[in-house]
1. When the Karplus curve 6.51 cos²θ - 1.76 cosθ + 1.60 is applied with θ = phi - 60°, which whole-Hz ³J(HN,Hα) does each residue of region 206-213 get, with x for Gly and Pro?
2. Which entries in the list Lys44/Lys79; Lys50/Lys95; Lys48/Lys95; Lys44/Lys82; Lys82/Lys201 go over 22 Å, if you measure between the two C-alpha atoms of each?
3. Sorted by packing (mean other beta-carbon atoms within 10 Å per residue), highest first, where do 120-126, 79-85 land?
4. Determine the sum of side-chain charges near Ala43: Lys and Arg each +1, Asp and Glu each -1, restricted to other residues whose C-beta is under 15 angstrom from that of Ala43.
5. What is the sum of charges, Lys and Arg at +1 and Asp and Glu at -1, for the other residues whose Cβ falls under 11 Å from the Cβ of Ala33?
6. If you average 1/r across every pair of different Cα atoms in region 34-114 and take the reciprocal, what Kirkwood value do you get, in Å?
7. For region 70-76, in order, what is each residue's ³J(HN,Hα) by Karplus, 6.51 cos²θ - 1.76 cosθ + 1.60 with θ = phi - 60°, in whole Hz (x at glycine and Pro)?
8. Taking θ = phi - 60°, what integer Hz values does the Karplus form 6.51 cos²θ - 1.76 cosθ + 1.60 yield along region 101-117, in sequence order, with x for Gly and Pro?
Amino acid sequence: MITDNLESDEEIQDDLRGNLDLQARLLYGLIHARWIVTARGLAKMLEKYKRADFGRCPRVLCQSQPLLPVGLTDVPYEKSVKLYCGRCEDIYSPKSSRHGSIDGAYFGTSFPHLLFLVYPNLIPPKSGPAEFGLNPRASDLEGGRRRRIRDEQEAQSEGVGEAGSTAAVALKADRYRPRIFGFQVNEVAKLQRWQEAVRDKQIARLEELEANGAM
């Protein structure tokens, strides 16, 4: 079935057809995850990245940075695919429900970080203008601005009447950790340790302000 060498569909029994289709889809997805980390696969995905086929980061300070697909686990049927921003180093859920239903294992946990290792000139800066060749079109910027306004309005409407500790919310936030074949990226690991130390200080300051009734 994978190589399309079946002479006739009648060779497959009806009771096995559904299970066979499911297993073939799984095998194709896992092959795809291995192929995109090869030299040819990275080159093909690089073209899609430059065209921003996977979308752009919704954060204002990221200036519509193109996103890359990433899986949170290499084990199938556990997590759906997410979108990784190389500028803010955060992940987002796809806007399309059709794309959001794709298994994250079909892209794997290593792809975006391996792409930046192979093409280090594409590593986006943490501030300033976007890299040459990845600048968004005016229509993309306008569309992103409208989406941000809509998302902010929805968040405000959902948050009406809700009260909670800012520090408690910050403590519940999960931190995404870039990994290549299970190993955390060295430079990113050092940066994240520093960021987490700063975050802990900010949380302690928020807790102190809340205890004193300043918030």
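1. In residue order, the calculated couplings are 5, 4, 5, 5, 5, 5, 8, x Hz.
2. Details: Lys44/Lys79 24 Å; Lys50/Lys95 19 Å; Lys48/Lys95 17 Å; Lys44/Lys82 19 Å; Lys82/Lys201 29 Å.
Lys44/Lys79; Lys82/Lys201, as the Cα separations exceed 22 Å there.
3. Details: 120-126: 12.4, 79-85: 20.4.
Most protected by this proxy first, the peptides run 79-85, 120-126.
4. Values: positive: Arg40, Lys44, Lys48, Lys50, Arg51; negative: Glu47, Asp53.
With Lys, Arg at +1 and Asp, Glu at -1, the neighbours total +3.
5. On the way: positive: Arg34; negative: Asp74, Asp103.
Once positives and negatives cancel, what remains is -1.
6. Numbers: mean 1/r = 0.0785 Å⁻¹.
Computed over region 34-114, the radius equals 12.7 Å.
7. Computed from phi, the couplings for region 70-76 are 8, x, 7, 8, 8, 8, x Hz.
8. Values, residue by residue: 8, 6, 5, x, 5, 6, 10, x, 8, 9, 3, x, 6, 5, 4, 6, 6 Hz.
Read the figures in this text as sums done on the coordinates, not as results from a lab. Computed from a prediction, not measured in an experiment: that's the story for all the values here. When we count neighbours, we look across all protein chains shown, and the Cβ atoms used for this are built from the backbone with ideal geometry, even at glycine.
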